[in-house]
Amino acid sequence: MRCIAVEAATGSGARLSASQCIDVETLSQRIRYNLMIGAIVPRPIAVVGTISPTGFHNLAPFSFFNGVGSEPMLLSFCPANRVDGLPKDTLRNALPPEEGGTGCFTVNIAGHRILPQVVASADELDFGMSEFAAVGLTPITGTRVIAPRVREAPIAFECVTHAVHRFAEGKPGGANIVIGRVVAVHYPEGLADSRMHIDPARLDAVGRMGADIYCTTRDRFALDRPSVTREPS
Ligand SMILES: Cc1cc2nc3c(=O)[nH]c(=O)nc-3n(C[C@H](O)[C@H](O)[C@H](O)COP(=O)(O)O)c2cc1C
């Protein structure tokens with residue numbers, strides 16, 4: 001794995017001077033993408049496991065990913081269209097059955113220990129070839145869905161596809177959002193307490209910064225939430 005020391009280069013507390021305002025309509029899709037991945041950081045990484053209707057496993061990382069809400073328990077990730085405008089394999093597989101998919105997927109959190117394999121799983125293999133085998137991660141069929149999860153991941157969510165929104169069908173880089181309803185969660189003993197507070201040190205999740213830069217979650221601090229409500233006079 002390539003590792004770049006960026007701490008010194010970026011410096012802390014660099015001052016921003018004159019403000020710029022860009023009309024995003026004047027930017028190409030690629031430049032908008034660069035802007036987004038550099039500014040919206042750090043992003044958690046979902047390692048998404050799917051299965052095709054013909055039974056082939058697929059695995060790929062997605063950092064346009066987040067939780068949506070807990071009632072119902074929803075999460076989302078965004079597989080953009082490929083450069084030829086076609087949907088990525090993950091999206092094809094996660095579509096509801098009436099749209100040609102299997103209607104499910106798993107989200108496996110990228111732990112520091114498996115980051116090289118996670119990044120390698122982004123390689124585009126031919127449809128039907130499994131990234132699990134190619135990168136050396138172990139697929140385990142879900143208990144509630146048929147999509148595979150990653151045994152080596154620190155926590156995994158089994159999801160039923162709840163909704164898919166396609167915003168620019170056929171366009172290269174076109175945006176899509178997949179919303180999944182979590183139906184089962186897998187994690188090792190000791191990762192969470194009885195109220196499901198997760199131990200961040202054990203999770204040891206990584207985030208994606210811009211391009212090929214990643215960060216750990218090892219530098220943490222606590223901050224009290226001050227009350228801004230005034231005492232009644
Ligand atoms: C860390 C990381 C995060 C990524 N995040 C995204 C993302 O949010 N959306 C996206 O479309 N591609 C993302 N990619 C690229 C996909 O993983 C890549 O296109 C992959 O080949 C898609 O696999 P599939 O065709 O099997 O679905 C990311 C790649 C890496 C290494």
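Just so you know, all these numbers are worked out from the coordinates, no wet-lab data involved. Small disclaimer: the values here were computed from a predicted structure and weren't measured. Cβ atoms come from the backbone with ideal geometry, glycine included; neighbour counts cover every protein chain shown.
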Tell me whether the stretch 23-160 comes out rounded, prolate or oblate; compute the Cα gyration tensor, take square roots of the eigenvalues as a ≥ b ≥ c, and use a/c under 1.5 as the rounded threshold.
rounded
Give a residue-ordered list of calculated ³J(HN,Hα) values for the stretch 78-86 (Karplus: 6.51 cos²θ - 1.76 cosθ + 1.60, θ = phi - 60°; whole Hz; x for Gly, Pro).
10, x, 5, 5, 5, 4, 8, x, 7
With +1 on each Lys and Arg Cβ and -1 on each Asp and Glu Cβ, how big is the dipole of the chain about its Cα centre, in debye rounded to the nearest 20?
280 debye
Near residue 186, within a Cβ-to-Cβ distance under 15 Å, what is the net charge of the other residues, with Lys and Arg +1 and Asp and Glu -1?
+1
Would you tally the net charge around residue 141, using a Cβ to Cβ cut-off of less than 14 Å, leaving residue 141 out, and scoring K and R as +1, D and E as -1?
+2
Which peptide among 99-107, 37-45 comes first, and what is the full order, when sorted by highest mean count of other Cβ atoms within 10 Å?
99-107, 37-45
May I ask for the equivalent-ellipsoid semi-axes of the chain, computed as the square root of five times each C-alpha gyration tensor eigenvalue and listed largest first in whole Å?
30, 25, 20
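Which value at 222 nm does the chain reach when only helices count, each DSSP H run of 4 or more adding -39,500 (n - 2.57), with the total divided by all residues and rounded to the nearest 500 deg cm²/dmol?
-3500 deg cm²/dmol
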Could you sort the peptides 18-28, 206-216, 65-75, 109-119 by per-residue average Cβ neighbour count (10 Å cutoff), highest mean leading?
109-119, 206-216, 65-75, 18-28
